[in-house]
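Each remark here refers to the structure printed beneath this line.
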Amino acid sequence: MRLEFVLNGASVTVETRPDRRVVDLLREELDLTGVKEGCGAGECGACTILVDGESRLSCLMLAAQLQGCHVTTIEGLARNGCLHPVQEAFVEYGAVQCGFCTPGMVLSAVRLLDRNPEPTRDEIREGLSGNLCRCTGYVKIVDAVEAAARRLGPEAAK
Amino acid sequence: MLEVGVPVPRCDARAKVTGEEKYAIDHYADDLLWAGVKRAGIPHGRLVGVDVASARQLPGVHAVLTREDVRGSNRQGIMHKDQPVLAGRKVRHCGDPVALVVAEDRETLGKALDLIRVHVEPLPAVFDPEEALRSDAPSVHESGNILLQATIRAGSGEDAFEACEAVVEGAFEVPMQAHAFLETENGLAWQESDGRIVMIVSTQAPFRDRFEIAHALGIEVSAIRILAPHLGGGFGGKDGATVQCLLALAALHAGGRPVKMWWEREESFTAGYKRHPVLMRYRLGAMADGTLHALYCRLVYDTGPYAHLGGEVMALGMEHAGGPYRIPHTQIEGWCVYTNNPIGGAMRGFGVCQVSFGFERMMDRLAARLGMSRLDLRLMNAVRRGDRNCAGVTLAHSTGMVPCLEALSRHPFWVHRRGWKRRAGPFKRRGVGIAAVFNAIGYGRGLPDSAIARVELTDRGKVRVYSGVADMGQGNASAFVQIAGEILCQDAAHMELVLPDTDRTHPSGSASAGRTTYTYGNALIEACQGLRQKLLHRAALVLMLDETSGLTLLPGRVRHLPSGREVPLELLGRLFPEVDRCAMGQSIMPVTQDVPDTGREFTIGFPHALFSYAAHLACVEVDELTGRTEVLEYVAVTDGGRVVNPDGFHQQVHGGVAQGIGYALMEEVRLDEGKIGNPGLATYIIPTCLDVPDIGSIAAETVEATGPFGMKGVGEVGMNAPLPAIAGGVENAVGWSPDRSPLLAERLLERQGCYPPLKED
C-alpha cells in the first residue's frame, strides 16, 4: 500500500505491505534504528514511539495504522542539535547505561510529562512501569524525569 | 575537564539518548540475507536424521546447513570444548541447534525452518543434578555427568567442628536466572573477497570469539575480524559464543553477501546461557562468643548439557562459600554436574551470588542461636587485610569489609529499624535484613588477566583511546576516556574512542570478572604516560626549548608555563607521523603469592588476590494476606577502592541491586523436563520501576594500591547481597527462614498462620 504519514515533523510516503510491523518499517525502510526491539511482544517497551502524541508499542502496530498519523521516534525529539529536556536530564543524571531501553524510556517520559507536568516520584514510576530496564535499577531514570519536569515547568507556564 | 574522582556524564550517553548509537542489531546492509537456527525441541536424544529437502527447495532459501557442512572441530566452549555448533549425533538440551538456514528475508527464513523435519530418538534424560550424580543416571556425555568435582580445605577442615560450642545447619536452593538483556543475541557477518570473515556482533569477548570460530569451523584466526559495538546489555550472557560460530558458518555459505542473525526473545531464553541453579548444604560452627571456627559446605551446580564456564563458575562460588569472614577451618566440596537442562554460564556474580544466600542465611541463623546482633556477629568475624579467607588465602590487598559494615551500623535505617518496623500498617509485617558479601575481581591464578592499551593523538589534535574491552553498558569505555583525559589533561571535546575491533584495537580480554576498568585502566595509564612524554618532547622541539620542564598539557594544546607560549595539539598532530603520536601500555593483574595446597582440581582461575566488598540493608514489608514481599528501603555500602566516576559507581551498584531484587523476589526460569515454561518477558518477570525502591548507594572507599587511581571493580559485588538481605528481612518480619528463592508470594503464603509474634532485633 501507499502509506502517508508525518514522521518526525516531515511528511513521508512509503510503499509497504499494510501488515508490516511498524518497528520493522521504521528500522529497516526508514533507517530509524533508534527504535529498538527487545521482545517483539509488547512486553518491554523498547520500541515505544509517539503516535499522535500517545505512546505506542511499534512492535504491536501494523503499517496501515500509521496512515495520516503524526509519528515521533527518538530521532525526532532533539531540535537542531538541541536535546529535549528529558534527553538532557537523562545524560546529566546518569540515567543511561547500556542505553537499549533509553529511546523508549525517554519517549514514555516525554508523554508522561505531557500528561502530568508535575509528577511525584511514585507517579513517574507508575508512568514508566511499561518500560523495562535491566541495567539501571531505575533510580537515576526517576531522578532524570523529576529534573526534566522541573525544567519543563517554567516553560509550560509560559 | 575530565578528572578522576568527580562525576562525569558518560561519553556514550548523548548518542544513546538521541538514538544515534549503533548497536550490533542496528547494522543492516544492502543485499542482506537472514540466518536462523532449527533447534532440537527435546532435551535428550539420538539424532537420527535432519530432513532439509523441502526447506532447500523453498524459493528464497539460500542455504540449509547441517553438521556435515562444518569443516572444523564443530566444538565451541571457553575452557572445555564440548558444545557443538550444529548437533551431529546427539542432542543434549531443547535448544541444541540441528540445522542452519540462510534465506532472502525473515518470512522465508521462518517458513524454511518450519519445513525442516528433525528425527530424534529420545533417550532417558536427567534434570535433577543430584540424580545426575547417581551411577545409574542417564549419561549426558560419554565421559559421564561430572564436569568438575573439587574440594577446598583449610586448617583442619571438618574435624574442627568438635571444638565448636554452637553449630547451625541449613540446606538452600537457588534457581536458574536469565540475564534478560534487552538486546538479544545477534550479529551481522560477511565474507570479504580475500576470504576473511568480518563480524559485527553483540559480544563481551571479541578477541576470544575469533578463536572459538577458528577452532569450530576450521579457519585461521587471522581470517576473522570481530567488531564489538556497545552492547544492549550482557551481564555475562554474551561472554562466550552465542551467534558467532553459526553466523560465521552462514557467512561462509552466503557467496559474499552479508548475513544477519538475530535471536528472538524466546530463542534467547531457550538457547542462551543462564545462571546456574545451585543446591547447597551448610554447617557453620562457632565459639560461644561468636568467633567463627569451622565451616562445612557442599555445593551442587547444575551446568546443563555443556561446560561453558561451569567449572570456573563453581570454583569462584567455592572460593567465596565461607563469606567475607575469618573461618580458620573449612571444608568446601563442589560438584558441577551435566544435566539436560538449558546451559549454565557466566552471569554477574558468577557463582558467588548463589553461595552468598547460603553463607548469609547461616550467619543470621548463628546470630539467632547465640542471641547476638546480626551486625555485631558479622563485624567481629569480618575479614581484615592480612587475614586468611575461607580458601586459606592471605588477603594482601585492600579489604574494606569492616568499613562497609561500620557505615551500615551508623545508617538511620539500621539505627531506627525498631521504630520503623512498629509502624507497619494492618496485616503488614516489617523486617530489616542485612548481608555482607564480597566478589573477586579478575580471572584469578593461571589465566593472565591482561590488557593492551593504545592511545593516539590524531592528525586533528584529538586524543583517541583504542579500547580492547567491550562495553556492555557498565561504562568502562567512559572510564577509559576519563582516565586518559585526567592524565593528558583534556576535556571531553578533545577525546575520541574506538570500540573493540580485532583489527584496530589490541587483545585485552573479556568484559567480565569486574576487571575491565582495572586491567585496561592500568594499561591505559602506562600508554597515556608514554604519550604525554612524546607530546611534551615534540612540543619542546616546536617551541625551540632545550628541555621539557615547564611544559604542561592543557585541553587542545601544550603550554610553556614560564613564557606562556603554546603549541596547539592539532599542529603536533599534523607535524608528526602516526608512530610519533601514539603510545601503548600493557598490564597484568597481580595474583596472590599465597597459593594454598587445596583446590588442585581447578586448572585455572583459583585463587584470587583482589576482592570488592559490600554490606547491604533491606527494609521489607510482607503482606500477611497475599504473602507478597515489597522492598521499601534499600541501602548498599560498597568498597570498590577509590571511585573513578561516582556516577558510574552508583550506576553499577543500583543495577546490581535491581537484578538482585529480581533474583530475590520474582526471577526463576521454570523448567519442566528441560523445557522452559516461561520463555518471554510476560512470564519471566524482571523488576519494573514499581518493584525497585530508591536505592541508596554509599562508597566506603579504600585505596587499592595496584588499581588505576586506587580503584577496584564494582560490577558484580552488588548482585550478591540483595537475596540474602531480603531473605533476612523476611525472616525478621515473619519469623521463619526462607531457604529457597525466589521468595514468591505463594511460598510465603503457604506458611501463613505460622508467623510467630514479632521479635525485637
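The values are calculated or read from the model by the stated rules, or taken from the named source; none is laboratory data. All values reported here derive from a predicted model rather than from experimental measurement. Neighbour counts are summed over all protein chains in view; Cβ atoms, including those assigned to glycine, are modelled from backbone coordinates with ideal geometry.
For the range A:20-34, taking the residues that are in contact (Cβ under 8 Å) with a residue 12 or more places away in the chain and within 11 Å of chain B (Cβ to nearest Cβ), the one that is farthest from A:Glu75 (Cα to Cα) is identified as A:Arg20.
Would you point out which residue out of B:Ala527, B:Ala539, B:Ala511, B:Ala523 is surrounded by 23 or more Cβ atoms within 10 Å (Cβ to Cβ) and over 38 Å from the mean Cα position of the chain (by Cα)?
Matching residue, one of B:Ala527, B:Ala539, B:Ala511, B:Ala523: B:Ala539.
Taking the range B:1-33, which residues are buried (at least 22 other Cβ atoms within 10 Å of the Cβ), under 28 Å from B:Ile116 (Cβ atoms) and more than 9 Å from chain A (Cβ to nearest Cβ)? Listed by number, the residues that qualify are B:Ala24, B:Leu33.
Any residue in the range B:132-143 that is part of a strand (DSSP E or B) and surrounded by 14 or more Cβ atoms within 10 Å (Cβ to Cβ)?
Of the range B:132-143, the ones part of a strand (DSSP E or B) are B:141.
Checking the rest, the ones that are also surrounded by 14 or more Cβ atoms within 10 Å (Cβ to Cβ) come to B:141.
Yes.
Return a yes/no flag: does the range B:693-710 have any residue that is among the acidic types (Asp, Glu), surrounded by fewer than 17 Cβ atoms within 10 Å (Cβ to Cβ) and within 14 Å of chain A (Cβ to nearest Cβ). Yes: one or more hits. Reported count of residues in the range A:107-158, each being in contact with a Cys (Cβ under 6 Å, 6 or more places away or on another chain) and either more than 27 Å from B:Gly718 (Cα to Cα) or assigned to a helix (DSSP H, G or I) (or both), is 1. Only residues that are free of Cβ contacts under 8 Å to residues at least 24 places away in the same chain and of a type outside the set (Gly, Ala, Ser) were counted in the range A:35-47, giving 2.
Conditions tested, residue by residue: (1) at pLDDT 95 or above; (2) out of contact with any strand residue (DSSP E or B) (no Cβ under 6 Å at 6 or more places or on another chain); (3) closer than 26 Å to B:Leu405 by Cβ; (4) not in a loop (DSSP other than H, G, I, E, B).
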site	(1), (2), (3), (4)
B:Cys689	yes, yes, no, no
B:Ala705	yes, yes, yes, no
B:Gly715	yes, yes, yes, no
B:Ala725	yes, no, yes, yes
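Filtering the range A:1-19 to residues that are closer than 14 Å to A:Asp52 by Cα and assigned to a loop (DSSP other than H, G, I, E, B) leaves A:Asn8, A:Gly9.
Select from the range B:618-636 the residues that are at pLDDT 95 or above, over 20 Å from the mean Cα position of the chain (by Cα) and hydrophobic (A, V, I, L, M, F, W, C) and list them in ascending order. Across the range B:618-636, the qualifying residues are B:Ala618, B:Cys619, B:Val620, B:Val622, B:Val631, B:Leu632, B:Val635. Being over 21 Å from B:Gly19 (Cα atoms), surrounded by fewer than 17 Cβ atoms within 10 Å (Cβ to Cβ), in contact (Cβ under 8 Å) with a residue 12 or more places away in the chain and more than 11 Å from chain B (Cβ to nearest Cβ) is the requirement here; does A:Arg17 meet it? In short, no.
When B:Val653, B:Val657, B:Val631 are checked against the criterion of being aliphatic (A, V, I, L, M), within 13 Å of another protein chain (Cβ to nearest Cβ), over 18 Å from B:Val730 (Cβ atoms) and in contact with a helix residue (DSSP H, G or I) (Cβ under 8 Å, 6 or more places away or on another chain), a single residue qualifies: B:Val653.
Of all residues in the range B:413-460, those being surrounded by fewer than 18 Cβ atoms within 10 Å (Cβ to Cβ), touching a residue at least 40 places away in the same chain (Cβ under 8 Å) and small (Gly, Ala, Ser) number 2.
For B:Gly88, are the conditions met, namely being surrounded by fewer than 17 Cβ atoms within 10 Å (Cβ to Cβ), in contact (Cβ under 8 Å) with a residue 40 or more places away in the chain and within 21 Å of B:Ile213 (Cα to Cα)?
Details: surrounded by fewer than 17 Cβ atoms within 10 Å (Cβ to Cβ): yes; in contact (Cβ under 8 Å) with a residue 40 or more places away in the chain: yes; within 21 Å of B:Ile213 (Cα to Cα): yes.
Criteria met by B:Gly88.
Given the structure, is B:Arg378 touching a Gly at 6+ places or on another chain (Cβ under 9 Å) and either in a strand (DSSP E or B) or farther than 21 Å from B:Arg600 by Cβ (or both)? Spelling it out, B:Arg378 is indeed touching a Gly at 6+ places or on another chain (Cβ under 9 Å) and either in a strand (DSSP E or B) or farther than 21 Å from B:Arg600 by Cβ (or both). Of everything listed in (1) surrounded by 24 or more Cβ atoms within 10 Å (Cβ to Cβ); (2) of a type in the set (S, T, N, Q); (3) outside any strand (DSSP E or B), the single unmet condition for B:Ser612 is (3).
Scanning for something out of contact with any Pro (no Cβ under 6 Å at 6 or more places or on another chain), surrounded by fewer than 23 Cβ atoms within 10 Å (Cβ to Cβ), among the small types (Gly, Ala, Ser) and touching a residue at least 12 places away in the same chain (Cβ under 8 Å), does the range B:652-668 turn up at least one residue? Checking the range B:652-668: not a single residue is out of contact with any Pro (no Cβ under 6 Å at 6 or more places or on another chain), surrounded by fewer than 23 Cβ atoms within 10 Å (Cβ to Cβ), among the small types (Gly, Ala, Ser) and touching a residue at least 12 places away in the same chain (Cβ under 8 Å).
Hey, any hits in the range A:126-141 for a residue that's of a type outside the set (D, E, K, R), within 11 Å of chain B (Cβ to nearest Cβ), surrounded by fewer than 23 Cβ atoms within 10 Å (Cβ to Cβ) and touching a residue at least 60 places away in the same chain (Cβ under 8 Å)? Yes - at least one qualifying residue is present in the range A:126-141.
Restricted to the range A:35-69, and to residues that are part of a helix (DSSP H, G or I) and either surrounded by fewer than 21 Cβ atoms within 10 Å (Cβ to Cβ) or within 11 Å of chain B (Cβ to nearest Cβ) (or both), which residue is nearest to the chain's Cα centre (by Cα)? I'd like the intermediate steps shown before the answer.
Of the residues in the range A:35-69, the ones part of a helix (DSSP H, G or I) are A:58-60, A:63-66.
Remaining after also requiring either surrounded by fewer than 21 Cβ atoms within 10 Å (Cβ to Cβ) or within 11 Å of chain B (Cβ to nearest Cβ) (or both): A:59-60, A:64-65.
Numbers: A:Cys59: 13, A:Leu60: 15, A:Ala64: 20, A:Gln65: 17 Å.
My answer is A:Cys59.
Checking each residue in the range B:206-247 for being part of a loop (DSSP other than H, G, I, E, B), more than 14 Å from chain A (Cβ to nearest Cβ) and out of contact with any strand residue (DSSP E or B) (no Cβ under 9 Å at 6 or more places or on another chain) picks out B:Gly218, B:Glu220.
Going through the range A:142-154 one residue at a time, which ones are more than 14 Å from chain B (Cβ to nearest Cβ) and either aliphatic (A, V, I, L, M) or over 12 Å from A:Glu88 (Cα atoms) (or both)?
In the first step, residues of the range A:142-154 are kept if they are more than 14 Å from chain B (Cβ to nearest Cβ); the result is A:149-154.
Selection gives A:Ala149, A:Arg150, A:Leu152, A:Gly153, A:Pro154.
Between B:Gly425, B:Gly419, the distinction of being assigned by TED's automatic domain parsing to the domain that holds B:Gly627 and part of a loop (DSSP other than H, G, I, E, B) belongs to B:Gly425 only.
When B:Leu561 is tested against (1) more than 27 Å from B:Pro9 (Cβ to Cβ); (2) touching a Gly at 6+ places or on another chain (Cβ under 9 Å); (3) touching a residue at least 12 places away in the same chain (Cβ under 8 Å), only condition (3) is not met.
Would you be able to tell me the number of residues in the range A:70-106 that are in a loop (DSSP other than H, G, I, E, B) and within 9 Å of another protein chain (Cβ to nearest Cβ)? Count: 14.
When B:Thr394, B:Thr399 are checked against the criterion of being closer than 24 Å to B:Arg361 by Cα and touching a residue at least 40 places away in the same chain (Cβ under 8 Å), a single residue qualifies: B:Thr399.
Residues that are in a strand (DSSP E or B), of a type in the set (Gly, Ala, Ser) and touching a helix residue (DSSP H, G or I) at 6+ places or on another chain (Cβ under 6 Å) within the range B:287-333 comprise just one, B:Ala294.
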